[in-house]
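To start, the structure under review is shown below, and the notes come after it.
The values are calculated or read from the model by the stated rules, or taken from the named source; none is laboratory data. No experiment lies behind these values; they were computed from the predicted model shown. When we count neighbours, we look across all protein chains shown, and the Cβ atoms used for this are built from the backbone with ideal geometry, even at glycine. Side chains included, ligands, DNA and RNA excluded: accessible areas come from the protein's heavy atoms. Shrake-Rupley method; radii C 1.70, N 1.55, O 1.52, S 1.80 Å.
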Amino acid sequence: MTEKISYTELYLKLFHYYGPQGWWPAASDFQMLISAILVQRTNWKNVELALANLGENITAGKIMEMEEEKLAEKIRPSGFYRMKAKKIKAWLQWFQKYDFQIGEVQKVDRAILRKELLAVHGIGEETADAMMLYAFNKPGFIADNYAVRLFQRIGYHLPKTYHAFKTEVEKLFPHDLEMHQEFHALIVEHGKQYCKKTPLCENCLLLSYCRMGRERR
Ligand code: SF4
């Protein structure tokens, strides 16, 4: 039985193979924050269309002034647009507490900030963690579907809940902002290129470390 690869080794292998990803793919930190909501239950292409409708210079103040209906119309390409418009408005109400200053939010303690974000309508764990990692400079693991799929296939026995999985990885992975930012982006990239729903194991860099890859040989 081959020994299971550690989280850090997995990160290093992906990093050396794909190189730095430089995520999140948004023009500004504010766009990043909005797109973390827009990307719920859709793909990035649709988010880009919604962001283009909002315009490059979109600000929190401009969206606050916008009627919810008008906002919904602009973000229509991202799907579930009425629901998302409501979520964005609710999130901005929260952000207003910090005068829409990302730097002010960055000063908040990590656990307190996460709790605050999770209390906002429409902000689930994955969205909160993405905002924290890519805009508010709080290192943490995003236990999304790409991560679950990859880690299960490699042979990890994953805890059942998002939070337990996230906590377990964080215990064993360096508490480093850039490494966490890259780790999530690399897992997504690998999920798109090789570890797809139907995986392309033959040429995968993780073949010899992966239970599923070995079984499919
Ligand atoms: S070997 Fe196959 S299942 Fe394993 S990580 Fe690579 S693509 Fe995914």
Inset, instruction - Among the candidates E9, E68, single out the residue that is over 22 Å from the mean Cα position of the chain (by Cα) and more than 17 Å from Y146 (Cα to Cα). - result: E68
Inset, instruction - Would you be able to say whether some residue in the stretch 199-209 is at pLDDT 95 or above and at positive phi? - result: no
Inset, instruction - Look at A130 and say whether it is surrounded by 18 or more Cβ atoms within 10 Å (Cβ to Cβ), among the small types (G, A, S) and away from the ligand (no atom under 16 Å from the Cβ). - result: yes
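Quick grid of which residues meet (1) part of a helix (DSSP H, G or I); (2) under 25 Å from G19 (Cα atoms):
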site	(1), (2)
F100	no, no
L113	yes, no
D129	yes, yes
F151	yes, yes
K166	yes, yes
K171	yes, yes
P174	no, yes
Legend entry - Y146 vs. criteria open to solvent by 40 Å² or more (accessible area, probe 1.4 Å), within 16 Å of the ligand (Cβ to nearest atom) and within 30 Å of K89 (Cβ to Cβ): yes
Inset, instruction - Select from the stretch 114-131 the residues that are more than 22 Å from N43 (Cβ to Cβ) and among the hydrophobic types (A, V, I, L, M, F, W, C) and list them in ascending order. - result: L117, L118, A119, V120
Inset, instruction - Can you confirm whether the stretch 161-176 contains a residue that is more than 30 Å from R211 (Cα to Cα) and in contact with a helix residue (DSSP H, G or I) (Cβ under 8 Å, 6 or more places away or on another chain)? - result: no
Legend entry - Tally, over the stretch 110-127, of residues that are open to solvent by 20 Å² or more (accessible area, probe 1.4 Å) and more than 21 Å from V169 (Cβ to Cβ): 5
Inset, instruction - Starting from residues that are within 17 Å of G155 (Cα to Cα) and open to solvent by 20 Å² or more (accessible area, probe 1.4 Å), keep the ones in the stretch 183-197 and report whichever is farthest from the ligand (Cβ to nearest atom). - result: K197
Inset, instruction - Considering each residue of the stretch 198-217, count those that are open to solvent by less than 60 Å² (accessible area, probe 1.4 Å) and in a helix (DSSP H, G or I), and give that number. - result: 4
Legend entry - Residue that is farthest from F136 (Cα to Cα), among those in the stretch 1-37 that are open to solvent by less than 30 Å² (accessible area, probe 1.4 Å), among the aliphatic types (A, V, I, L, M) and in contact with an Asp or Glu (Cβ under 9 Å, 6 or more places away or on another chain): L14
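Each row is one residue, and each column tells you yes or no for (1) under 22 Å from L117 (Cα atoms); (2) outside the structural domain of A119 (by TED's automatic domain parsing).
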residue	(1), (2)
L14	no, yes
Y17	no, yes
E56	no, no
T59	yes, no
L92	yes, no
Y98	yes, no
